[in-house]
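Report on the structure given below.
The values are calculated or read from the model by the stated rules, or taken from the named source; none is laboratory data. Predicted model, so just to flag it, every value in this text is computed and none were measured. Note that each Cβ is placed from the backbone with ideal geometry, even for glycine, and that neighbours are counted across all protein chains shown. Just so you know, the surface numbers come from the protein's heavy atoms only, side chains and all, with ligands and any DNA or RNA stripped out. Shrake-Rupley method; radii C 1.70, N 1.55, O 1.52, S 1.80 Å.
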Amino acid sequence: DLELKRRNESKARFYWKQARSFYNASLTLPKESSPLTLYYCFLNATKALLESKKINYATHHGVTGYSEKNKTTLDNERIFLKKEGILPSLIKYLEYPIKENGSKKFSLMECFYNLPFIHRSFLLTYNSSKYPELFIPIFNPIIGMHLKERKVWFCAELDEYYSDAHVLNKLPTSFERDKGYSDRVVIRSKKRVKWGKTWTEKKNTFYAYNKKIRKHIFYIHGTPISWYIKRRKDNIEHYNEYPPLVLTFAAMHRLSELSRYTPDKLSKHFSGKQNWLLSEFLKSAPVQFMDEIASEITGLEFKVPKNAI
């Protein structure tokens with residue numbers, strides 16, 4: 001809010017305040033009702049981002065959903081992306097494509113499977129070879145520079161439990177092991193980008209390179225922040241390439257539809273084996289989503305002060 005005030009972006013600030021109000025309202029609601037206010041929190045926060053980036057957008061949601069078949073499962077809760085609207089504009093801002101015909105369908109289960117902040121909960125809920133682990137933990141992620149050649153590249157260390165050949169073979173094709181380290185396993189992007197001479201050239205080079213890297217690297221907000229690289233798609237059936245911001249928005253929209261129109265069906269979801277997974281999503285998604293949106297708006301990283309831990 002302070003950043004938007006400093007920029008004199010009154011419209012974006014209005015939507016941000018709306019998001020805050022809906023966020024606070026959701027804190028006192030039961031889990032069967034909170035998806036409705038949380039979705040409007042996400043919707044207004046996304047509008048604040050689009051306004052701050054001067055991006056034109058159609059004012060409708062750009063996403064809808066429906067229940068398939070009679071059985072109440074997360075896989076039967078379908079999400080349908082439209083060609084225009086708030087969510088499609090967010091997708092375009094993040095530089096991801098929508099199908100040529102302007103539509104894409106996937107399930108609520110697929111959303112949850114591809115979200116790093118509840119991925120562990122998902123794997124424990126659906127313990128099956130059908131759902132292999134997607135996110136490989138990394139630490140010390142940096143963009144380094146060769147001092148003589150003046151080229152930059154992304155690199156990070158792998159956790160010792162995720163550093164064997166089996167895991168390395170799952171890396172995206174644009175990454176490889178850096179064999180220059182013998183005491184630890186370091187991965188790096190294969191492509192090195194030439195660093196510019198002027199500040200403007202360097203800044204533009206970094207922005208362009210970062211946009212490519214961020215399609216593979218994700219984080220979970222916390223103290224400390226946890227970083228992950230997403231394994232390559234291969235033939236994984238429910239693999240979804242959209243980033244967490246998009247999938248979190250879409251999932252909360254579908255839950256809000258259930259909360260509004262068929263609360264009895266939503267209650268059935270909570271009474272099944274996916275109760276824990278749904279509860280974890282409703283607990284973790286608001287903080288994660290707002291952290292990512294705030295970082296997009298400001299270009300800053302947010303951390304919890306030490307005396308607040």
Does M290 satisfy the criteria of being at pLDDT 95 or above, in contact with a helix residue (DSSP H, G or I) (Cβ under 8 Å, 6 or more places away or on another chain), open to solvent by 20 Å² or more (accessible area, probe 1.4 Å) and of a type outside the set (V, I, T)? yes
Hey, which of the helices (runs of 4 or more DSSP H) in region 1-54, taking only ones fully inside, have at least 3 residues that are under 16 Å from M252 (Cβ atoms) and at pLDDT 95 or above? 10-26, 34-52
Taking region 68-87, which residues are in a strand (DSSP E or B), surrounded by fewer than 21 Cβ atoms within 10 Å (Cβ to Cβ) and among the charged types (D, E, K, R)? R78
Which number in (1) assigned to a strand (DSSP E or B); (2) open to solvent by 10 Å² or more (accessible area, probe 1.4 Å) marks the one condition that F106 misses? (2)
Only one of (1) under 30 Å from Q274 (Cα atoms); (2) in contact (Cβ under 8 Å) with a residue 60 or more places away in the chain; (3) open to solvent by less than 70 Å² (accessible area, probe 1.4 Å); (4) over 20 Å from the mean Cα position of the chain (by Cα) is not met by K31, so which one is it? (3)
Can you name every residue in region 218-239 that is charged (D, E, K, R) and open to solvent by 70 Å² or more (accessible area, probe 1.4 Å)? R232, K233, D234, E237
Given the conditions (1) crowded, with 20+ Cβ neighbours inside 10 Å; (2) over 15 Å from the mean Cα position of the chain (by Cα); (3) closer than 17 Å to A45 by Cα, every one holds for L300 apart from (1)
Do we have I98 as open to solvent by 30 Å² or more (accessible area, probe 1.4 Å), modelled with pLDDT under 95 and farther than 16 Å from H253 by Cα here? yes
